Amino acid sequence: MKTINSNSDLGCYGLGSSAPSNAKGAGIMKKSKSIMLAAATAVASLLGAAAMPANASVINLSNGDSSLSINPASNAGVDNWTVDGTNQLNKEWFWFRVGSSGPQSSIDSLTLTSQTALSTNGGSNNWANVTYADIAQAFQLSVTFQLSGGQAHSGTADLAETIQITNTGTSNLSYHFFDYTSMALAGHSGGQNVSLTGLNTATQSTTGGTSQTVVSAPAAEDEAGLGTGSSFPLLSALETTSGLTLSGSTTGTDVNGEWAFEWDPILKPGQSYLITVDKQICTVPEPTSSLALLGMGGIFISRPRRRDEDPDPRTMQVAEA
């Protein structure tokens with residue numbers, strides 16, 4: 001399985017600038033597909049296994065400057081993505097619905113048949129797979145995660161995911177799948193700017209951080225939440241609105257960071273549907289050393305010099321710098 005080299009493959013796109021270009025997004029998508037299609041092959045044998053309940057436990061992944069927590073049997077889902085010591089994520093998780101009506105359910109409501117965590121590319125459990133089954137509605141669902149962190153204090157990290165949905169029944173399956181994300185860039189929920197474009201790209205930014213997510217296949221619908229304070233209306237809609245179809249705003253300024261993509265495949269018996277998701281975070285590293293030097297320089301600059309005191313060359317050099 002190909003893995004991202006944490007020292008060379010992670011690039012930080014324009015912090016403090018506008019949304020990354022479509023070309024950059026396409027590059028991330030290409031990288032995500034090459035990584036995660038291989039992962040999908042690795043889990044194919046799991047999908048073919050008989051459904052047996054697994055003992056659920058929290059999965060902790062780490063690589064480079066980043067760590068990730070996954071709760072496969074809880075609605076909490078992925079509830080912590082730490083980059084350089086700061087959690088950048090409120091929640092990411094997945095909902096589904098079979099048919100056009102009825103409520104959505106989060107995937108933890110399914111029977112968890114297996115969970116696996118592996119160490120690759122020098123990481124400590126930086127690859128994981130969770131697989132679920134629904135015998136009554138005749139489908140299986142697998143999610144694979146791969147975390148790639150940057151070097152310490154680089155402020156970069158990448159999370160690649162593959163979702164594979166398989167119809168295990170004897171008739172067509174009308175399926176609706178939702179990928180919900182609520183990011184807390186720079187460690188806070190509010191003050192976020194969100195933009196969804198092309199049904200395949202989500203860009204979020206705030207002072208001190210930028211994130212871009214690229215998905216393939218392109219979604220059928222998408223939506224950005226416009227909540228502030230303690231309000232997360234998009235999450236509430238997923239949990240309470242029957243027959244939900246995402247069709248709301250695709251931009252939000254100074255809001256809570258939340259957005260979602262929706263796919264609506266119809267699967268023939270035995271057919272699988274594959275979705276790849278690639279999330280990249282770039283944060284501004286703490287400039288502790290430069291701030292300390294600036295503070296020392298300020299001491300020299302602000303100190304008044306007596307008229308009878310000879311100029312100190314060191315002071316003049318700092319002041320002139």
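Computed quantities for the displayed model
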read-out	value
Contacts under 6 angstrom Cβ, first residue in the stretch 147-158 being farther than 11 Å from T82 by Cα, partner acidic (D, E) and part of a strand (DSSP E or B), 6 or more apart	S148/D158
Among (1) within 25 Å of G155 (Cα to Cα); (2) surrounded by fewer than 20 Cβ atoms within 10 Å (Cβ to Cβ); (3) at pLDDT below 95, the one test that D254 misses	(3)
Single residue of the stretch 121-180 satisfying the filter (over 19 Å from V277 (Cα atoms) and outside any loop (DSSP other than H, G, I, E, B)) that is nearest to the chain's Cα centre (by Cα)	S124
Filtered residue count, the stretch 258-285, keeping only those that are closer than 25 Å to S74 by Cβ and modelled with pLDDT under 95	0
Index of the failed condition, N90 passing every other in (1) buried (at least 18 other Cβ atoms within 10 Å of the Cβ); (2) modelled with pLDDT under 95	(2)
Filter result for S242 (among the small types (G, A, S), within 30 Å of N129 (Cα to Cα) and modelled with pLDDT of 90 or more)	yes
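The values are calculated or read from the model by the stated rules, or taken from the named source; none is laboratory data. Since the structure is predicted, the reported quantities are computational estimates derived from the model, not experimental observations. Glycine gets a Cβ as well: all are built from the backbone with ideal geometry, and neighbour counts include every protein chain shown.
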